[in-house]
1. Tell me the label-point distance for the pair Val192, Ala93, using the 7 Å Cα-to-Cβ offset, in nm and rounded to one decimal.
2. I want the antiparallel fraction of DSSP beta bridges within the chain, as a percent rounded to 5.
3. With a 1.4 Å probe and every protein chain left in place, tell me how much accessible area Glu171 has, in Å² to the nearest 10.
4. Taking the Cα-to-Cβ direction at Ala227 and at Ser12 and moving 7 Å from each Cα, how far apart do the two end points lie in nm?
5. Would you mind computing Rg(Cα) / (2.2 N^0.38 Å) for the stretch 87-157, counting N as its residues?
6. Measure nothing but the geometry: give the 0 to 90° angle between the long axis through the Cα atoms of 185-202 and the longest principal axis through the Cα atoms of the chain, rounded to 10°.
7. So for the pair Phe253, Val239, with labels modelled 7 Å out along Cα→Cβ, what separation do we get in nm?
8. Students often forget the sequence filter, so: which aspartates and glutamates lie under 14 Å Cα-Cα from Lys68 once same-chain residues fewer than 8 apart are removed?
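The values are calculated or read from the model by the stated rules, or taken from the named source; none is laboratory data. Note that the structure is a prediction, hence the values are computed from the model and not measured. Don't worry about glycine lacking a Cβ; one is built from the backbone with ideal geometry, like all the others, and counts go over all protein chains shown. Accessible surface areas use protein heavy atoms only, side chains included; no ligands, DNA or RNA. Shrake-Rupley method; radii C 1.70, N 1.55, O 1.52, S 1.80 Å.
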Amino acid sequence: MTGSEPQPAQASAAIAFVGAGNMAAAIIGGLIQNGYCASNIIASDPNQAQLEQLHEKFAITTEADNLKAVAKADVVLLAVKPQVLGSVAKALAPALTHQPLIISIAAGIPIASLAAWLGDSQALVRCMPNTPALVGVGASGLYANAYTNPAQRALAEQILAAVGVVAWLDEESQIDAVTAVSGSGPAYFFYVMEAMIEEGVRQGLSADLARQLTIETALGAATLAKASDEAPAELRRRVTSPGGTTEQAIRRFDEAGLPAIFAEAMVACAERSVTLAEELGNTDQ
Ligand SMILES: NC(=O)c1ccc[n+]([C@@H]2O[C@H](COP(=O)([O-])OP(=O)(O)OC[C@H]3O[C@@H](n4cnc5c(N)ncnc54)[C@H](OP(=O)(O)O)[C@@H]3O)[C@@H](O)[C@H]2O)c1
């Protein structure tokens with residue numbers, strides 16, 4: 001994994017964001033924060049208010065027309081919803097004859113579909129980010145096709161590292177596992193938080209206090225796990241004294257088969273990632 005200390009991306013590369021919503025805004029914000037030159041960033045979107053907001057906040061160039069936005073770009077970052085990516089990409093194809101690097105952050109859209117829509121020999125990077133990217137602590141899995149050269153791979157990595165850690169995948173199919181771990185993973189932790197807050201309240205804490213203690217505990221555990229050389233299993237053992245309080249809780253989790261429940265949930269998630277790719281990536285639509 002890389003990206004915990006993002007490096008400034010190649011300052012000279014012109015980046016066009018197609019789709020200027022939440023994820024695009026987060027990545028643009030990360031790039032600017034890392035010293036990327038605002039004049040090298042352009043964003044296009046049908047939503048004029050969104051474009052104005054981005055221009056005011058980051059002083060980037062904005063453009064209502066996707067084709068004009070990508071015309072001189074070295075990198076085109078596709079940040080529209082997966083459901084509209086097919087039509088957006090097909091319309092963009094004629095404006096990509098200068099063969100920029102294309103990065104897609106759309107969940108569930110395979111490289112083969114992107115190539116069918118955008119042109120067979122385009123350099124393509126498929127990325128699976130997650131929602132903590134919105135606050136700069138995301139985790140992204142990246143897969144590049146054979147047309148992507150080393151400089152383009154480095155550039156893709158630097159762009160995504162602006163919003164968190166980045167890991168390259170050897171096989172595109174690993175995107176499904178990344179989806180099961182980090183893509184959907186934030187929701188698993190939110191779900192655990194919900195249950196902890198609810199039970200904290202039931203045991204007599206105010207809702208505010210239960211929420212605060214739960215969130216700080218999640219953050220503290222993640223920070224400790226990240227800073228430590230020990231595996232999470234060892235960190236857990238260290239706070240589980242024989243005959244103590246934590247042991248009682250962990251015993252209940254084990255009796256309920258929690259690891260198997262997680263495995264089952266993550267298998268279901270990865271399987272849905274496969275079928276979603278078949279549905280969303282349908283190039284006949
Ligand atoms: N949010 C996340 O944490 C997350 C995590 C993993 C992957 N992703 C992926 O990131 C992508 C963007 O997600 P998001 O949360 O940023 O969505 P979003 O906030 O809805 O942003 C998408 C933007 O694209 C615009 N758009 C729609 N049609 C367009 C067109 N024809 N040309 C140009 N722009 C167009 C939308 O405008 P309107 O609002 O006017 O429709 C909207 O501003 C999605 O593909 C998603 O799968 C997001």
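1. Distance between label points: 4.5 nm.
2. Looking only at bridges with both residues in the chain, the antiparallel portion is about 20 percent.
3. So the heavy atoms of Glu171 present about 110 Å² to solvent.
4. My value for the distance between the label points is 4.2 nm.
5. Compared with the compact-globule rule of thumb, the stretch 87-157 sits at 1.13.
6. So the helix axis and the longest Cα principal axis differ by about 40 degrees.
7. For Phe253 paired with Val239, the spin-label model returns 0.9 nm.
8. Candidates past the 8-residue exclusion: Asp45.
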